[in-house]
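Everything below concerns the one structure shown next.
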Amino acid sequence: MKLIVFQMAFFLWLIAVSCTRPSTRLTESEIVATESVPNNESNNQTAVKFRVETVASGLEVPWAIAFLPDGNVIFTERPGRVRLIEKGKLHNEPIYTVPDVEPSSESGLMDVSVHPNFSENKFLYLAYAYRGDGNQVKVLRYKLADNKLTEPKTIVENIPAAPNHAGTRARFGPDKKLYITTGDATDWNLAQKTDSLAGKTLRLNDDGTVPPDNPFVNKKNVRPEIWTIGHRNAQGLAWQPGSNLMFQTEHGPSGFEGKGGGGDEVNIVERGKNYGWAEIHHQQTRAGMVTPLLEYSPSCAPASGMFYNGNAFSEFKGNFFFGCLRGQRVIRVRLDGRRVVAQENLLEKTFGRIREIAEAPDGSIWFTTSNRDGRGNAAKDDDRILRLAPIK
Ligand SMILES: [Ca+2]
């Protein structure tokens, strides 16, 4: 009898544990504040107060957000859906579903980007995994007209991929070139192989042609699309206002790779350089290779990158932010040029896994949850797009 009671108690405990979200959720519009940093150095920082509001709920792994000049918003869901928020209201149905997307594990429909001259040409870019010669990734350009994506044009394809380590961000830099981060496709050797597009940053013209001033143009056995090499799986890409330096966040090794865990990175990514994977990782150094600016062990799983340049939160100006999946938080990095001044965790374990983060035209900061990606613990209204809004 005692044994049965014990077994029942254990069973009930199991149910309770499996049903409990590990996160303490904020209630809608609850006010949150950052740390207040005393006046050390010249960096006087007062606490920044904001509230977290829900923009959209009931989504499935929203991966990327793009703000259009007309105030509308496009976002992607990993299974292949392109969604539109028009005049603040989410269309019930996707405006486009990628027909040949291959959604699996960490990849599927990933990035969406707006052409720098979108107002004139209406060009939108999607990056997604598909079934080609095995798993691969491609970037396509479309025209957005009457809330439809038309005139698909392949910008780059046959990028090696795998269900995991498939990148991919595809974003326009200040030079109006398209930069694409690619994963190592779970084959370490590819990241250092210069005849492969895997484990690299690529740089292309907006029509997919190779800019003649790329670093490896006309070099033997080197793909001319390559801008930098030696990346494992970079999923955050943003440029620092003022300096125009490219920052990337990159996932570090998994335990099974035998190179230790953790080792997630923030890098300043510069023309022609080698970022080490899989020759060096964590804080290791080697001549001719770049050691990361920041390294995170244990892993936080950085999935995005954004420089804040808005006016709604003046204290955030020039700060670098990224969402963390496994780490379930937003990391804020205060910088002085290339130098890290301070770091802070925001919203830790409040919304579960966080993927994209993006600055809206009004200066509010939008981010997405990724609790339905197979590794999370989804709440009823997940996944969501939320935003940090200033307190008036
Ligand atoms: Ca590295």
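What to note about this one:
- Scanning the range 171-189 for residues that are among the hydrophobic types (A, V, I, L, M, F, W, C), touching a strand residue (DSSP E or B) at 6+ places or on another chain (Cβ under 9 Å) and surrounded by fewer than 22 Cβ atoms within 10 Å (Cβ to Cβ) yields a total of 1.
- Residue ID - nearest to the chain's Cα centre (by Cα), chosen from residues in the range 301-321 that are hydrophobic (A, V, I, L, M, F, W, C) and away from the ligand (no atom under 16 Å from the Cβ): ALA303
- When we screen ALA312, ALA303 for residues that are of a type outside the set (Asp, Glu), in contact (Cβ under 8 Å) with a residue 60 or more places away in the chain and touching a Cys at 6+ places or on another chain (Cβ under 8 Å), the only hit is ALA303.
So that you can scan it fast, the table gives a plain yes or no per residue for (1) surrounded by 21 or more Cβ atoms within 10 Å (Cβ to Cβ); (2) assigned to a strand (DSSP E or B); (3) touching a Leu at 6+ places or on another chain (Cβ under 6 Å):
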{"position": "THR54", "(1), (2), (3)": "no, yes, yes"}
{"position": "ALA64", "(1), (2), (3)": "yes, yes, no"}
{"position": "ARG83", "(1), (2), (3)": "yes, yes, no"}
{"position": "VAL112", "(1), (2), (3)": "yes, yes, yes"}
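- Restricting HIS231, HIS282 to residues that are crowded, with 18+ Cβ neighbours inside 10 Å, more than 24 Å from GLY318 (Cα to Cα), more than 19 Å from the chain's Cα centre (by Cα) and touching a residue at least 24 places away in the same chain (Cβ under 8 Å) narrows the list to HIS282.
- Selection count where residues are within 16 Å of the ligand (Cβ to nearest atom), in a loop (DSSP other than H, G, I, E, B) and out of contact with any strand residue (DSSP E or B) (no Cβ under 8 Å at 6 or more places or on another chain), scope the range 209-260: 4
- Conditions (1) at pLDDT 95 or above; (2) farther than 18 Å from ARG332 by Cβ; (3) surrounded by fewer than 18 Cβ atoms within 10 Å (Cβ to Cβ); number of the one not met by GLY255: (1)
- Some residue of the range 152-170 being surrounded by fewer than 19 Cβ atoms within 10 Å (Cβ to Cβ) and within 23 Å of ALA238 (Cα to Cα): yes
- Restricting the range 263-277 to residues that are crowded, with 18+ Cβ neighbours inside 10 Å, under 21 Å from the mean Cα position of the chain (by Cα) and not in a strand (DSSP E or B), the residue that is farthest from the ligand (Cβ to nearest atom): GLY263
- Total residues in the range 285-300, condition more than 9 Å from the ligand (Cβ to nearest atom) and either more than 22 Å from the chain's Cα centre (by Cα) or free of Cβ contacts under 8 Å to residues at least 12 places away in the same chain (or both): 4
The values are calculated or read from the model by the stated rules, or taken from the named source; none is laboratory data. Here the structure is a predicted model, which is why all the values come from computation and not from measurement. When we count neighbours, we look across all protein chains shown, and the Cβ atoms used for this are built from the backbone with ideal geometry, even at glycine.
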